[in-house]
Amino acid sequence: SAMRERKTTDPLHSSTDLSEGTEKLRLKQEVGLISSVSLIAGTMIGSGIFMSPEWILHHMGNPASSLLIWAACGLLAMFGALSYAELGTIIKESGGEYIYILRIFGSFPAFLFAYTSVILVRPAGLAAVCLSFAECAIAPFYAGCSSPQVAIKCTAAACILILTIINCLNVRLATSVMNIFTAAKLLALLVIVVGGLVLLAKGQTQSFQNGFQGTTAGIGAVGVAFYQGLWSYDGWNNLNYVTEELKKPEVTLPRALMIAIPLVTCLYLLVNVSYLAAMTPSELLSSGAVAVTWGDKVLGSWAWLISLSVALSTFGSSNGTFFSGGRVCYIAAREGHMPDILSMAHVRCLTPSPALLFTSAMSLIMIISGSFTSIVNFFSFMAWLFYGMTISGLLYLKIKKPELPRSYKVPIIIPIIVLLAAVYLVLAPIIDQPQAEILYIVLFIFSGIIFYFPLVRFKYHPRFLQRVTLHLQLLLEVAPTTRDAN
């Protein structure tokens, strides 16, 4: 199929044109290179590096092969990001996978992605990060025993509500919060890295002796280990969700990716080495929170700094997830795949507040009903299903549409590797250990057909929805956004 023509509206700037007697409302280009790097690194460095190492070691069976998984996940994230960078320079619109699937494959698959992403995938990712933030934040108040689930869920809900207020008020405020928290979490990881290097210099290398002994070989176990590792790297594609808000996107997008992802990968590997220098594999496996156990062993009375750092890190990551997740909802509504109210922006704050409020509400529902581990596995399966579809779209453009203008090109072997990895990650757990949950996920994706044909294909819009939209516009002080013709 050919590339779909773009619509003639584009929220690039916020401005008012009084000479023509019309007011044009647009999101502003306020995200520069530093904020772009912070958005990627700040979202990637969340709860995963502090909680996932024990699960990867559990599934792989030994330290050396678990480190290989961490390195492979970083390489795969880098390859995926470079592929997305080329897509972002061909299709210079916000929305990430949604807008790429829409322009390449058409309306129906794009709607299924938007329906699944807006209602389940993005809120699930945000809920998982906020739950891990809550666990870290309240752990010091329940020393020596496990934290009650009610307290964890209430704290996670409070985190989401605070993020909603920050992101609805101002884009610059949200990016400033990202920059500050990214700096804090990088400092925390550097403390762990330096502590590990000191331990290695003192000769604490017993965890690395016979490093490959007892390696797990099952494709399902390796696939689940990849899920846990890639959860720690999730966020590598976040910049593609806000392309229209980037300053000079054709330069900023690839440059930010090439800075942020190698930086995070190196830090993750060094932090894992530090954990293994401080703990034996059996100690690491029995630890509920690896970073906190490391702090108790290495920092002594200063161990509370690690708990604080983990809480700050997960809060910053949840802010980045929320910032980009709301944009998917906003762009899908702007293209007619979601209710009109979700495509509107606040008339003074110039933020897509209805989309952010909807994402917040769905995440709160996820927090009430789900647990961290179940949400991560469910999220990873769904995410890689659509990553694979998006990468296949890039391969289609490279082969069938080489004449399209692009300021950055990735070698074709890289998206091929990412596509093969996506196929493996989707199929391996199904083949090795089929679960009913995966069937439910697939059924949910295709349940979107029920809504697509009457509401999108045949444009049946009940009158009461128009009245509801009007009242919500007045209540939320929002208006439709416009785009200049390209």
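The values are calculated or read from the model by the stated rules, or taken from the named source; none is laboratory data. Predicted model, so just to flag it, every value in this text is computed and none were measured. When we count neighbours, we look across all protein chains shown, and the Cβ atoms used for this are built from the backbone with ideal geometry, even at glycine. Heads up: the accessible areas ignore ligands, DNA and RNA and are worked out on the full protein's heavy atoms, side chains in. Shrake-Rupley method; radii C 1.70, N 1.55, O 1.52, S 1.80 Å.
Restricted to segment 438-449, and to residues there that are in contact with a Phe, Trp or Tyr (Cβ under 7 Å, 6 or more places away or on another chain) and touching a residue at least 60 places away in the same chain (Cβ under 8 Å), the residue that is nearest to Arg334 (Cα to Cα) is Gly448. Among the residues of this structure, Val177 does not count as one that is open to solvent by 10 Å² or more (accessible area, probe 1.4 Å), β-branched (Val, Ile, Thr) and free of Cβ contacts under 8 Å to residues at least 24 places away in the same chain.
Would it be correct to say that Pro123 is over 27 Å from Leu173 (Cα atoms), in contact (Cβ under 8 Å) with a residue 12 or more places away in the chain and crowded, with 24+ Cβ neighbours inside 10 Å? Break it down stepwise before answering.
Working: over 27 Å from Leu173 (Cα atoms): no; in contact (Cβ under 8 Å) with a residue 12 or more places away in the chain: yes; crowded, with 24+ Cβ neighbours inside 10 Å: yes.
So Pro123 fails the test.
Just give me the residues in segment 234-253 being crowded, with 24+ Cβ neighbours inside 10 Å and of a type in the set (Ser, Thr, Tyr), in sequence order. Matches in segment 234-253: Tyr241, Thr243. Report yes if some residue within segment 419-427 is farther than 30 Å from Thr89 by Cα and either open to solvent by 20 Å² or more (accessible area, probe 1.4 Å) or assigned to a loop (DSSP other than H, G, I, E, B) (or both); otherwise report no. There is at least one residue in segment 419-427 that is farther than 30 Å from Thr89 by Cα and either open to solvent by 20 Å² or more (accessible area, probe 1.4 Å) or assigned to a loop (DSSP other than H, G, I, E, B) (or both).
Can you tell me how many residues in segment 386-404 are among the charged types (D, E, K, R) and either in a helix (DSSP H, G or I) or open to solvent by less than 10 Å² (accessible area, probe 1.4 Å) (or both)? Don't jump to the end; show me each part of the working.
Of the residues in segment 386-404, the ones among the charged types (D, E, K, R) are 398, 400-401, 403.
From what is left, the residues that are either in a helix (DSSP H, G or I) or open to solvent by less than 10 Å² (accessible area, probe 1.4 Å) (or both) are 398, 400.
Number satisfying all stated conditions: 2.
Among residues of segment 408-422 that are under 14 Å from Gly393 (Cβ atoms), those with a Cβ under 9 angstrom from a residue that is basic (Lys, Arg) and open to solvent by 20 Å² or more (accessible area, probe 1.4 Å), sequence gap 6+ or separate chain, pair up as Val410/Lys398; Ile412/Lys398; Pro415/Lys398.
Quick one: would you say Glu135 is among the acidic types (Asp, Glu) and within 21 Å of Ser380 (Cβ to Cβ)? Yes: the conditions hold for Glu135. For segment 154-164, the candidate set comprises residues that are β-branched (Val, Ile, Thr) and over 15 Å from Ala355 (Cβ atoms); within that set, the residue that is least open to solvent (accessible area, probe 1.4 Å) is Thr155.
Being surrounded by fewer than 24 Cβ atoms within 10 Å (Cβ to Cβ), part of a helix (DSSP H, G or I) and basic (Lys, Arg), is that true of even one residue in segment 85-93? Checked against the condition, which is being surrounded by fewer than 24 Cβ atoms within 10 Å (Cβ to Cβ), part of a helix (DSSP H, G or I) and basic (Lys, Arg), segment 85-93 yields no hits at all.
Given the condition farther than 27 Å from Met258 by Cα and modelled with pLDDT of 80 or more, answer yes or no: does some residue in segment 21-44 qualify? It would help to see each step written out before you state the result.
In the first step, residues of segment 21-44 are kept if they are farther than 27 Å from Met258 by Cα; the result is 21-26.
From the residues that got through so far, the ones that are modelled with pLDDT of 80 or more too are none.
No; the residues of segment 21-44 include none that is farther than 27 Å from Met258 by Cα and modelled with pLDDT of 80 or more.
From the list Leu357, Leu443, which residue is over 22 Å from Pro254 (Cβ atoms), open to solvent by 50 Å² or more (accessible area, probe 1.4 Å) and over 23 Å from the mean Cα position of the chain (by Cα)? That would be Leu443, the only listed residue that is over 22 Å from Pro254 (Cβ atoms), open to solvent by 50 Å² or more (accessible area, probe 1.4 Å) and over 23 Å from the mean Cα position of the chain (by Cα). Screening Pro415 with (1) more than 30 Å from Glu86 (Cβ to Cβ); (2) surrounded by 17 or more Cβ atoms within 10 Å (Cβ to Cβ) gives one miss only, at (1). The residues on offer are Ala151, Ala183, Ala201, and the sole one that is of a type in the set (Gly, Ala, Ser) and under 20 Å from the mean Cα position of the chain (by Cα) is Ala183.
Can you pull out the helices (runs of 4 or more DSSP H) entirely within segment 278-358 that have at least 1 residues that are among the aromatic types (Phe, Trp, Tyr)? Before you say what the answer is, go through the steps one by one.
Details: elements: 281-286, 290-298, 304-334.
The helices (runs of 4 or more DSSP H) meeting that bar are 290-298, 304-334.
The conditions of being open to solvent by 70 Å² or more (accessible area, probe 1.4 Å) and out of contact with any strand residue (DSSP E or B) (no Cβ under 8 Å at 6 or more places or on another chain) are met by Leu285.
Candidates Arg327, Arg334: the one that is surrounded by 19 or more Cβ atoms within 10 Å (Cβ to Cβ), basic (Lys, Arg), modelled with pLDDT of 85 or more and closer than 30 Å to Pro109 by Cα is Arg334. Residues that are closer than 24 Å to Cys168 by Cβ and modelled with pLDDT of 85 or more within segment 447-466 are absent altogether.
Quick check: anything in segment 59-77 more than 23 Å from Ala421 (Cα to Cα) and open to solvent by 10 Å² or more (accessible area, probe 1.4 Å)? No, there is no match, as no residue in segment 59-77 is more than 23 Å from Ala421 (Cα to Cα) and open to solvent by 10 Å² or more (accessible area, probe 1.4 Å). Restricting attention to segment 289-299, does a residue exist that is under 19 Å from Pro53 (Cβ atoms), open to solvent by 40 Å² or more (accessible area, probe 1.4 Å) and touching a His at 6+ places or on another chain (Cβ under 9 Å)? No, segment 289-299 contains no residue that is under 19 Å from Pro53 (Cβ atoms), open to solvent by 40 Å² or more (accessible area, probe 1.4 Å) and touching a His at 6+ places or on another chain (Cβ under 9 Å). Of the listed requirements (1) touching a Phe, Trp or Tyr at 6+ places or on another chain (Cβ under 6 Å); (2) closer than 23 Å to Pro339 by Cα; (3) β-branched (Val, Ile, Thr), Val426 misses just one: (2). In segment 450-468, the residue that is surrounded by the most Cβ atoms within 10 Å (Cβ to Cβ) out of those that are in contact (Cβ under 8 Å) with a residue 60 or more places away in the chain and under 29 Å from the mean Cα position of the chain (by Cα) is Val456.
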